[in-house]
Structure formats: C-alpha cells, structure tokens
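Chemist: Attaching a single structure in structure tokens format; questions to follow.
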Amino acid sequence: MRGRESAPQPSPAGNRRAAAPRSGSGKTSVTIGILRALTRRGLKVRGAKSGPDYIDPGFHTAATGLSGVNLDSWAMPPSLLNALAAQAADDTDFVILESAMGLFDGIPASPGRTGSAADLARLYGLPVLLVLDVSGQSTTAAAVAKGFATYDPDVRMAGVVLNRLGSERHRRLSGDAIEAIGLPVVGAILRDPTLNLPERHLGLVQAGEYDDLMAHLDRLADMAEKSLDLDAIMALATPFTPASGGFTDALAPPGQRIALAEDAAFTFLYPHVAAYWRKAGAEIVPFSPLADEAPDEACDVCWLPGGYPELHAGKLAAAATFRAGMTRFATTKPIHGECGGFMVLGEALEDASGETHAMLGLLGHSTSFAKRKMNLGYREARLRADCPLGSAGALIRGHEFHYAQMTATGNDEPLADLADGQGNPIGASGYRRGHASGTFFHAIARG
C-alpha cells in the first residue's frame, strides 16, 4: 500500500501485511522493526494485528506512538471490521498488519469469516510480505514460498524476508532460489538471539514490563535498516481504502465511569474496546490492585480484565485496601471479570508452586495454575442475564486462551451459554452472583 510520504497531497494510507507460515517465524520482531524504523524516518505508521492478540498491539503502539488495533474477521461483523480498519488508516502514511499464527490459519467458517489473516488480505487487497524462517533449509525455502504464492490466487505474495540465516552462502542459496520463481527478496536477517523477544505461557512478555523497552525497539529498527530494503518494502505497499462501516456491533460501555484494573496483573483489554468506550463518551478510571488501590467509588461499574494474576496471587491476596474496596463496590454496583479477572473474583487461586491464595470471594469458584491445561479458541456466548457485557439474550463473540483450570465450581448462577467458533455447544459458562459476574472468555464484539 502506498502512503503519502512522497506525495504532495494527502492520499489513502499505505498498507501491507507481514505474515509467516507459522508462529515462531520471527514475524513479530520483523514487524516491530519495520514499524519503528519507519517511525524514526518521520512517517506516521500504525500497527494492526489479525485475530485475538492482546500483547502485540502494545509493542506496535510503543514502536510508533500510535495506538495498535486488532482486526478479527470471525469475531467482528464486517461493518465493525471495516470501521476499525478505516479508523486505523485515517491520517496515517502506512498501516502494517501482522498476522496471527500462519497466514491461512483460521477455523472452518463461511468465506471471509474464518479469523485468518488471509481473510483480511483478500478483503482489503493487502500485499503480503512473507517472513520465512529458513534455518535448517536453503533452496527448499523456494518450494515453501511457491506454495504460498500459488495456494490462493486472491492472496498476493509481494515479497519475502529471509529470517535466521546462518551465513552469506545460506542467504545466496535460499534467496536466489526464491527470486528464480518470481518473488522478490526484500530482506535477509542473520541469526541473532539478542533480537528475540522473551516469552511466557500466554505469549510474549508484555511491552510495559521492559525496563529498556525503547532501547530494544531501536535495536529491532537498526536491524530493519541494516537487513531489509525498506524503500523496496514501502514501494510494494498499495492504497488502503476499507469500505464504509460503523460501530453498531462494538461492545457498549458498561457504564458512564468505568473503574478499570490496570497493572502487571490486569492488562488484557483489547485496544478497540477501550477506544470505543471513550468514543461513546465513557470515562475510564484506572486503578492498580497490585498497588493495593481500590476502585473509585464514584464510578458506576468496575472491570477486571485478563492478565497474569497467577504470577501475583500472593500480593493480590495481601492487598487489604483492594479487597475491601471491591467488596464494598460490589454491594451496590456491577463488577465484571474476564479470564484473569474472573479468577480473582473467585474464592481461591492456586499458583504454579501449588500454594493456594484467597481471592475476593465475590463468586464461589476456585482456580489452579498448578494443574494446567490449555484452553484455546473462539467463543460465542448467549447471555442468560443482564451484566456489563450486555443485556440478557445478547450474543457476544470472543476468545478464550488460558492454562488455569477450575478446581471448584461453587453454587453461583451461570452467566452464559457458550458455543465454539463453529457453533458447537460447549455448555453453561461463567458465573453471576449479586452484582458480580465473570467468564473465562474475553469479549471482542457483539455477535
């Protein structure tokens, strides 16, 4: 997508997609490097992420100074998807959209609604920059690239970045083979472990947890300047002009003043959700449970997002002001928790070492991170009762990704009837008691 960096008059934002055959190919580091390098050149660049990812948009935001966004073809109805895409492109030179997992990875669903990055490439005509981890292969990389180039004629491979090369000879063998099939190689990155971003059980360590975040982002930008042909990459871009859309299906603000838990234990709120709440006129009032802060009692709803409470369970259990404030708030006003927030609303949380910590007790369930089992996938929820997610009967689409398991269910009323991304019933999910409610799944949009 061409941007306006060389145009005398404003034009639609340039766009392109960074994609890879699978997770772990290095596309996030490459994406961040490009975002940061172009920003340092004085361009207005925005990062976007396909699918349900809470962590990468934080790196995109830090690298560019412009808020990142999720674009999810399964969870977001087309009108909302177009509205968010158009908003991302507004007054921006380039939008770089990073794929989740592999480019074509989604779920069986109606055309264009699989949740894959390829859905977005087709819908918006995005030229794809393919990031190939070529470690352990050389000319075979051309066969992989050719497969991508021919698999779907409506998804156009515009260029290739070779990642984790071992030598100049390695670059020549793999690069020449790929260019021989007609795909330009616009970058070649030598193997360098210092460029890797550290990970934990739910993905990358979050941007806000780095002491030297900007120094690391600038190292990635230095890598991009040295190892990628950024001018050629910008030249591959095409105009980004999404169809008109609207925010009818966005999650409505749960209140006029929203007390939002926000610290290292509570971080997983999708950027588009908070942005729409503000757009709709709501005020978000953050507080930190880890700093033993209580929600502002002048707020009319409290929201505990997901995050990593299992890493901070002891500190949360000892936060007397937070605990008392939450109990007091719940006597008259709604509180909702998602995933990690849902775990904290329960009676107890067992950490990885097997130690059990008392949680808020506003709901009756208990959870364990010592007894781990991955739960992952799209979710569709039909609400059984009014709650901060919406009115009884409303359909909410979202995503579930956690390793914690329920060890006790309690006796609270179920909050929703859940189905997977293909509509297969999963059963009752979440709980509600008085003004408190919670679920393991993260809400993305109205169904």
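Chemist: Quick check on segment 85-157: what does the Kirkwood estimate of hydrodynamic radius come out to from the alpha carbon pairs, in Å?
Modeler: That comes to 13.8 Å for segment 85-157.
Chemist: Follow-up. Output wanted: per-residue J couplings in Hz (rounded whole) for segment 357-367, from phi through Karplus 6.51 cos²θ - 1.76 cosθ + 1.60, θ = phi - 60°, x for Gly and Pro.
Modeler: 10, 5, 9, 6, x, 7, 10, x, 7, 10, 10
Chemist: Moving on. Work out from phi, with θ = phi - 60° and the Karplus expression 6.51 cos²θ - 1.76 cosθ + 1.60, the ³J(HN,Hα) of each residue of segment 106-116, listed in order in whole Hz, and give x for Gly and Pro.
Modeler: For segment 106-116, the Karplus-derived couplings read x, 10, x, 7, 5, x, x, 10, 8, x, 7 Hz, x marking Gly and Pro.
Chemist: Can you tell me the 0 to 90 degree angle between the C-alpha axis of helix 78-89 and the longest principal axis of the chain, rounded to 10?
Modeler: Helix 78-89 sits roughly 60 degrees off the main axis of the chain.
Chemist: What are the residues whose amide H is under 5 Å from the amide H of C387, where those residues sit 5 or more places off or on another chain and H is modelled from the backbone?
Modeler: Under 5 Å from the amide H of C387: A392.
Chemist: Which one of A419, A63, M223 is farthest out on the positive end of the charge dipole of the chain, using unit charges on Cβ (Lys, Arg +1; Asp, Glu -1) and the Cα centre as origin?
Modeler: Farthest along the dipole direction, towards plus: M223.
Chemist: Rank P52, P127, P153 by mean-square fluctuation in a GNM of the chain with C-alpha springs under 10 angstrom and give only the top-ranked residue.
Modeler: Most flexible of the set in this elastic network: P153.
Chemist: Also, quick follow-up: Highest mean first, what order results for 280-289, 76-85 on Cβ atoms within 10 Å?
Modeler: 76-85, 280-289
Chemist: Packing-wise, with mean Cβ within 10 Å as the measure, how do 183-192, 113-122, 325-334 rank, highest first?
Modeler: Sorting 183-192, 113-122, 325-334 by mean packing, highest first, produces 113-122, 183-192, 325-334.
Chemist: Quick check: from the Cα gyration tensor, does segment 257-306 come out rounded (a/c under 1.5), prolate or oblate? Let's see the in-between values first.
Modeler: Values: a/c = 2.78, a/b = 1.26, b/c = 2.21.
The shape class here is oblate.
Chemist: First select every other residue whose beta carbon is under 9 angstrom from the beta carbon of R446; then total the charges, Lys and Arg +1, Asp and Glu -1.
Modeler: Combined, the nearby Lys, Arg, Asp and Glu give 0.
Chemist: What is the dipole size for segment 99-175, taken about its Cα centre, with +1 at each Lys and Arg Cβ and -1 at each Asp and Glu Cβ, in debye to the nearest 20?
Modeler: Dipole about the Cα centre, nearest 20: 260 debye.
Chemist: Roughly how many whole Å is it from the C-alpha centroid of segment 247-307 to that of segment 344-385?
Modeler: 20 Å
Chemist: Over all alpha-carbon pairs in segment 326-383, figure out the percentage whose distance exceeds 15 Å.
Modeler: Cα-Cα pairs in segment 326-383 separated by more than 15 Å: 57 percent.
Chemist: So how do 385-398, 33-46 stack up, highest first, on mean other-Cβ count within 10 Å?
Modeler: 33-46, 385-398
Chemist: Antiparallel versus total DSSP beta bridges in the chain: what percent is that, nearest 5?
Modeler: Bridges in the chain are about 50 percent antiparallel.
Chemist: Can you list the HN-Hα couplings for segment 135-149, worked out from phi with the Karplus curve (6.51, -1.76, 1.60; θ = phi - 60°), rounded to whole Hz and with x for Gly and Pro?
Modeler: 4, x, 7, 9, 5, 4, 4, 5, 5, 5, 4, 5, x, 5, 5
Chemist: For the chain, with only Lys/Arg (+1) and Asp/Glu (-1) charged at the beta-carbon, what is the dipole magnitude about the Cα centre, in debye rounded to 20?
Modeler: 840 debye
Chemist: Anything over 31 Å Cα to Cα? Flag those among K44/K333; K27/K373; K279/K371; K49/K279; K279/K373, in the order listed.
Modeler: The answer is K44/K333; K279/K371; K279/K373.
FYI, it's all coordinate maths here, none of it is from the lab. Bear in mind that the values here come from a model prediction, so they are computed numbers and not experimental data. Reconstructed Cβ throughout: ideal geometry from the backbone, glycine too, with neighbour counts over all protein chains shown.
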